[in-house]
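One structure is given here, and the rest of the page talks about it.
The values are calculated or read from the model by the stated rules, or taken from the named source; none is laboratory data. Just so it is clear, the structure is predicted and the values come from calculations on it, not from any experiment. Each accessible area value is taken on the protein alone, full model and side chains, heavy atoms only, with ligands, DNA and RNA left out. Shrake-Rupley method; radii C 1.70, N 1.55, O 1.52, S 1.80 Å.
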Amino acid sequence: MILLEQILKAQQGRVILNNIDLSFADRQHYVIIGESGSGKTTLLNLIAGYEQPDAGSIRIDKRSRIEYLFQDTLLFSNISVKENMMIKWLGQHRSADQDEFEENSKRALALFSVDRFADSKVYSLSGGEKRRVELAQIFLSDPDILLLDEPTANLDVENKKFIVEMIHKNFRNTIVIVVSHDDQNFFQNYVLLKLQEGKLYNE
């Protein structure tokens with residue numbers, strides 16, 4: 001569980017988050033919608049520990065594994081998808097066992113329908129394909145909490161729907177928190193929250 005208590009955050013003299021009280025339950029998937037500049041990314045950064053609240057507290061089990069999917073891709077463009085997967089694997093598992101890596105990497109890429117690109121250079125992939133590779137990377141680490149900042153930005157409708165569905169399907173044991181300005185109809189299986197004027201509302 002993630003518990004936010006009386007979270008207050010201001011930037012440049014403007015209150016972004018105003019006394020937010022909210023809990024995120026285990027294995028639940030949430031989408032936070034709101035206009036640009038409403039504080040959605042700030043909220044994710046607070047949960048991730050990249051920023052600290054001006055007041056209030058955030059309670060998360062210290063053993064929780066947190067993964068964060070940023071708006072901009074962090075893949076290495078000039079190497080293959082498989083090599084990017086290996087970098088993630090070594091960072092998480094500290095194991096160079098090739099058979100174990102091959103099995104887990106192949107499964108992860110297949111779950112997100114990008115296994116056919118394993119030997120392709122990342123720069124040759126579309127935006128949607130890169131997103132799916134990043135999600136396959138994250139799958140390798142089996143996170144307890146997954147934070148996603150505009151994961152469907154700049155994608156066509158088909159890719160948006162596919163990615164939202166794949167996140168919901170493949171991270172069932174994970175607390176998933178998505179922030180998005182996309183139409184809420186893309187997130188039918190998610191708990192919908194709205195961030196407006198510093199307050200977080202259940203829709």
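Values as computed for the structure displayed
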{"read-out": "Rounded to the nearest 10 Å², the accessible area of ILE20 at probe 1.4 Å", "value": "10 Å²"}
{"read-out": "Accessible surface, 1.4 Å probe, highest first, among residues LEU43, LEU74", "value": "LEU74, LEU43"}
{"read-out": "Those lysines that a straight Cα-Cα span of less than 28 Å connects to LYS62, excepting residues fewer than 8 apart in one chain", "value": "LYS9, LYS40, LYS88, LYS169, LYS194, LYS199"}
{"read-out": "Accessible area of segment 1-104 divided out per residue, in Å², using a probe of 1.4 angstrom", "value": "59 Å²"}
{"read-out": "Amide H contacts under 5 Å for SER141, placed H, 5+ residues apart", "value": "none"}
{"read-out": "Heavy atoms of LYS9 accessible to a 1.4 Å probe, total area in Å² rounded to 10", "value": "20 Å²"}
{"read-out": "With Cα atoms, 0 to 90° folded angle of helix 157-170 axis to the chain main axis", "value": "90 degrees"}
{"read-out": "Three-way shape label, segment 93-203, alpha-carbon gyration tensor, a/c 1.5", "value": "prolate"}
